[in-house]
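A short write-up of the structure that comes next.
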Amino acid sequence: MTSNMDREMILADFQACTGIENIDEAITLLEQNNWDLVAAINGVIPQENGILQSDYGGETISGPAFDPASHPAPAPAPSSSSAFRPVMPSRQIVERQPRMLDFRVEYRDRNVDVVLEDSCTVGEIKQILESELQIPMSKMLLKGWKTGDVEDSTVLKSLHLPKNNSLYVLTPDLPPPSSSSHAGALQESLNQNFMLIITHREVQREYNLNFSGSSTIQEVKGNVYDLTSIPVRHQLWEGWPTSATDDSMCLAESGLSYPCHRLTVGRRSSPAQTREQSEEQSTDVHMVSDSDGDDFEDASEFGVDDGEVFGMASSALRKSPMMPENAENEGDALLQFTAEFSSRYGDCHPVFFIGSLEAAFQEAFYVKARDRKLLAIYLHHDESVLTNVFCSQMLCAESIVSYLSQNFITWAWDLTKDANRARFLTMCNRHFGSVVAQTIRTQKTDQFPLFLIIMGKRSSNEVLNVIQGNTTVDELMMRLMAAMEIFTAQQQEDIKDEDEREARENVKREQDEAYRLSLEADRAKREAHEREMAEQFRLEQIRKEQEEEREAIRLSLEQALPPEPKEEIAEPVSKLRIRTPSGEFLERRFLASNKLQIVFDFVASKGFPWDEFELLSTFPRRDVTQLDPNKSLLEVKLFPQETLFLEAKE
C-alpha cells in the first residue's frame with residue numbers, strides 16, 4: 001500500500017515522463033494500473049516488442065517498453081529518490097489493458113463525442129462521424145492531431161494521445177449549408193468562436209488564438225502586435241480570404257474557415273522592398289495592412305532601423321508591473337494588481353479579493369455551509385503571449401465576470417517576478433501540497449495565465465481544475481460550471497451534515513438548559529429548606545433561651561418566696577386557692593401581712609408570670625394584677641381566704 005507521500009512522488013514522475021499536464025487524467029491512469037509507475041507509463045507510451053530493464057539485479061522483464069531517452073526523467077532530489085526509476089518487484093509479465101480515448105469533434109455548429117479504444121484506427125472515427133454528420137468519408141478532413149495530418153489506417157495507439165482530445169472536421173469540397181435568412185446566419189456566426197492559428201514567419205513560432213465572431217480584423221492585428229512586437233502598419237499577412245478587404249470588418253463576415261483558420265504574419269522591412277515584392281509576386285495571397293500608416297514615417301528612410309524605433313515605442317508603452325516585487329503586505333500588492341488590471345483591461349473584470357490567501361480561504365470556506373463559495377485563483381504572467389487575449393476577451397467577458405461574482409471568491413497573484421513566483425509556490429505547497437506546487441512550477445511561460453479552481457473539503461483544500469490560458473469563453477464557462485456542479489453536490493452534503501449537527505446541538509442545548517433549570521430548582525428548593533431549617537433552629541434556640549430564662553426566673557422567684565406559714569401559727573393567715581387555665585388548682589397559705597407581690601411571685605414560680613397572665617377574683621370580679629403589689633393581702637381584701645383564677649392576657 002503506497003503512502004500519500006509515495007503517491008505524490010509517483011504522480012510527479014509520471015507527469016514528467018509522459019508530459020501529461022492534467023492532474024486528474026494522470027491520477028486516473030495511475031489508478032487504472034494500481035499506482036504501478038512502469039505499467040502506467042507503458043500504457044501511455046507503448047512500444048512494440050519492448051524490453052523494460054530493471055535497475056536492480058540486471059533482470060529483464062518482457063512487456064511494453066519505455067524509452068527513457070525520448071522521455072527523460074527529472075533530476076533526482078538531494079535527499080530523496082523522487083526521480084523516475086523503473087523498478088519491478090518480481091519477474092512478471094506486464095499485461096496492458098485496453099485504453100479508452102475520448103474525442104470531441106467539432107463541425108460547424110455541432111459537437112460529436114466519440115469514445116474508442118486506442119487499438120482502433122483513424123478511419124473508424126471517420127466511419128462514426130459519417131453516420132453522425134451524414135458526410136461521406138471521402139469529403140471529410142479530420143484535423144487537430146498534434147502530430148499533423150494522419151492516414152485513415154493509422155492506429156490511435158501509435159499517436160500516443162492523451163485520454164481527452166479535441167478534433168475538428170473540414171469539408172472544403174462541400175458547399176456551406178443554405179440559410180433562409182442571411183441576417184440570422186450572420187448573427188449565428190457572430191456568436192461563434194474562431195481559432196486563428198497564426199505563424200510568425202521570422203521566428204517560426206505558432207500562436208493559437210481564440211476570437212469571437214464579432215471581433216474585427218483590426219483587433220486581431222492589434223493582439224498580434226502585442227505578441228510579436230510587429231506594428232500593425234509593418235505586418236505582412238498571408239492567408240486572409242479575398243473578401244477580407246477592410247480591417248474594420250468582423251471575423252464572422254470576413255470569410256474565414258470555421259472553426260479554425262491558418263494565417264502567417266511577418267515583418268515588412270522597408271517600403272522599397274515591399275514595393276519590389278509587390279511587383280514580382282501576386283498580391284492575391286498577401287494582405288499588407290496599412291492601418292494607422294499615416295501616423296508614423298518609416299524609420300528606415302532616415303537611417304534608423306524600424307525595429308529600434310518600435311522597440312523604443314514598445315518600451316515606452318510598456319505598462320507598470322501588475323504587482324510590486326517583494327511586497328510585504330499581500331493586501332497592498334493586490335490593491336496595486338486590481339488598479340493596474342483595471343487600467344489595462346477596463347473596469348469590467350472579476351472582483352479580486354483584497355487580502356492574504358489565508359483570508360480568502362476564510363471568506364470562501366470557513367463559514368456556514370450555505371454561505372460557502374468556490375475559490376478561483378488567477379495566476380497572471382506578463383511575459384506569456386496568451387495573457388493579453390485571455391484577460392481582455394475571456395476574463396473580462398460579462399458572462400464570466402457575472403458568474404464569478406455570484407459563485408466564486410476570486411484571488412489573484414502575479415508570477416512575472418521570480419520573488420513573487422517563489423512566494424506563491426511556498427503558499428501553494430503549504431495549502432495544496434507538493435503535487436500542485438510541482439505542477440505550477442513546471443508550467444511554461446506560454447502556458448500562463450492559469451486559473452485554479454479550489455474547493456474547501458473539510459480538513460483539506462482540493463484543486464478541482466487547472467485552466468490554462470489557451471481557451472475560449474464558452475470552454476471557460478463550461479469548466480467553471482462543471483466545477484460548480486461538483487461543489488454544489490458537496491455543498492448539499494455539507495448543508496445536510498451541518499443541519500443535522502445543529503439539530504443535535506440544539507437538542508443537547510435544550511437538554512442542558514432543562515438540566516440547568518432542574519439543578520437551579522433543586523438548589524432553590526434545597527436553599528429554601530435550609531433557610532426554613534435554619535429559621536426553625538433559630539426559633540427553637542430563642543424558645544429554649546426564653547424557657548431557660550423563664551426557668552431561671554421561676555427558680556429565683558421560688559427560692560425568694562418566704563416559707564409557707566404553718567396552720568398553727570398565731571398570726572393571721574390568708575389561704576388562697578388559684579385555678580390555672582388547665583383547670584388545676586394551686587393552693588398556698590400566706591400571712592395576711594404579706595404583700596400582694598409575694599402572691600404574684602408565687603404564681604410566676606409555677607410558670608404563670610404576671611406580665612402574661614391576669615389574676616382575677618370572682619366576687620366581686622376584679623383584676624388583682626392591676627392592684628398595688630406593695631399592699632398587703634389584708635389591705636386588698638384577700639383574707640382570710642379567696643379563690644382566684646388565671647387567664648392569659650390577650
**Report entry** Cα-derived Rg to Rh of the range 330-496, Kirkwood definition
**Finding:** 0.93
Report task. Calculate one ³J(HN,Hα) per residue across the range 634-642 by plugging θ = phi - 60° into the Karplus curve 6.51 cos²θ - 1.76 cosθ + 1.60, and present them in order as whole Hz with x for glycine and proline. Result -> 5, 5, 8, 6, 9, 9, x, 8, 7
Query raised in the report: Under a plain spin-label model, where a point goes 7 Å from the Cα along Cα-to-Cβ, how far apart in nm are E358 and S402?
Result: 3.8 nm
Report summary line: By accessible area (1.4 Å), largest first, T643, T472 order as T643, T472
Requested in this report: With a point put 7 Å past each Cα toward its Cβ, work out how far F537 is from I495 in nm, to one decimal.
Outcome: 6.2 nm
Report summary line: Links exceeding 31 Å between C-alpha atoms in this model, out of K595/K649; K126/K373; K496/K525; K139/K163; K163/K417; K143/K221, come to K126/K373; K496/K525; K163/K417
Report task. Be a star and scan the range 356-380 for residues whose amide nitrogen sits under 12 Å from the point 7 Å along the Cα-to-Cβ vector of E505. Result -> 367-369
Report task. Enumerate the amide H contacts of W411 below 5 Å, restricted to partners 5 or more residues apart or on another chain; note that Pro and chain-start residues carry no placed amide H. Result -> F353, A376, I377, Y378
Query raised in the report: Put +1 on the Cβ of every Lys and Arg and -1 on every Asp and Glu Cβ in the range 406-516; which of I409, I453, L425 then has its Cα farthest towards the positive end of the dipole?
Result: L425
**Report entry** Inter-site label distance for I486 and T580 at 7 Å from Cα along Cβ, in nm
**Finding:** 10.3 nm
Report task. Using a 1.4 Å probe and ignoring any ligands, DNA or RNA, find the accessible area of D118 and quote it in Å² to the nearest 10. Result -> 10 Å²
Query raised in the report: GluC sites (Glu not before Pro) within the range 491-584: which are DSSP loop residues with at most 13 other Cβ atoms inside 10 Å?
Result: E567, E568, E584
Report summary line: Note to self: C-alpha centroids of the range 534-557 and the range 408-473 sit apart, in Å, by 92 Å
Report task. Could you check how much of the accessible area of the range 330-496 is carbon and sulfur, as a whole percent, using a 1.4 Å probe? Result -> 50 percent
Query raised in the report: Taking the Cβ-Cβ separation of Q546 and I569 as r and a Förster radius of 35 Å, what is the calculated FRET efficiency to the nearest 0.05?
Result: 0.40
**Report entry** Semi-axes of the equivalent ellipsoid for the range 573-648, Cα gyration tensor, largest first, Å
**Finding:** 17, 13, 12
Requested in this report: Please work out the FRET efficiency for the pair T199 and K368, using the Cβ-Cβ distance as r and a Förster radius of 56 Å; give the result to the nearest 0.05.
Outcome: 0.60
Query raised in the report: Residues with amide H under 5 Å of L263's amide H, sequence separation 5 or more or different chain, H placed in the peptide plane at 1.01 Å from N; which?
Result: I197, I198, T199
**Report entry** Taking all pairs of distinct alpha-carbon atoms in the range 189-267, Kirkwood radius in angstrom
**Finding:** 12.4 Å
Requested in this report: Using the Karplus curve 6.51 cos²θ - 1.76 cosθ + 1.60 with θ = phi - 60°, work out ³J(HN,Hα) for each residue of the range 560-575 in order, rounded to whole Hz, and write x for Gly and Pro.
Outcome: 7, 5, x, x, 5, x, 6, 5, 8, 5, 7, 6, x, 10, 10, 9
Query raised in the report: How would C428, C348 line up by accessible area, probe 1.4 Å, largest first?
Result: C348, C428
Report summary line: Whole-Hz Karplus couplings 3J(HN,Hα) for the range 35-42, θ = phi - 60° and coefficients 6.51, -1.76, 1.60, Gly and Pro as x, run 6, 8, 4, 5, 5, 5, 5, 5
Query raised in the report: At a Förster distance of 60 Å, what's the computed FRET efficiency of L517 paired with H431, Cβ-Cβ distance as r, to 0.05?
Result: 0.85
Query raised in the report: So for S138, S434, S248, what's the accessible-area order with a 1.4 Å probe, most first?
Result: S138, S248, S434
Report summary line: If amide H atoms are modeled at 1.01 Å from N in the peptide plane, then the residues at a separation of 5 or more from V573, or on another chain, having amide H under 5 Å from its own are A592
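The values are calculated or read from the model by the stated rules, or taken from the named source; none is laboratory data. Computed from a predicted model, the values in this text were never measured in an experiment. Methodologically, a virtual Cβ is constructed for each residue, glycine included, from the backbone with ideal geometry; neighbour enumeration extends over all protein chains shown. When the accessible area is computed, the model is the full protein with side chains, heavy atoms only, and any ligands, DNA or RNA have been set aside. Shrake-Rupley method; radii C 1.70, N 1.55, O 1.52, S 1.80 Å.
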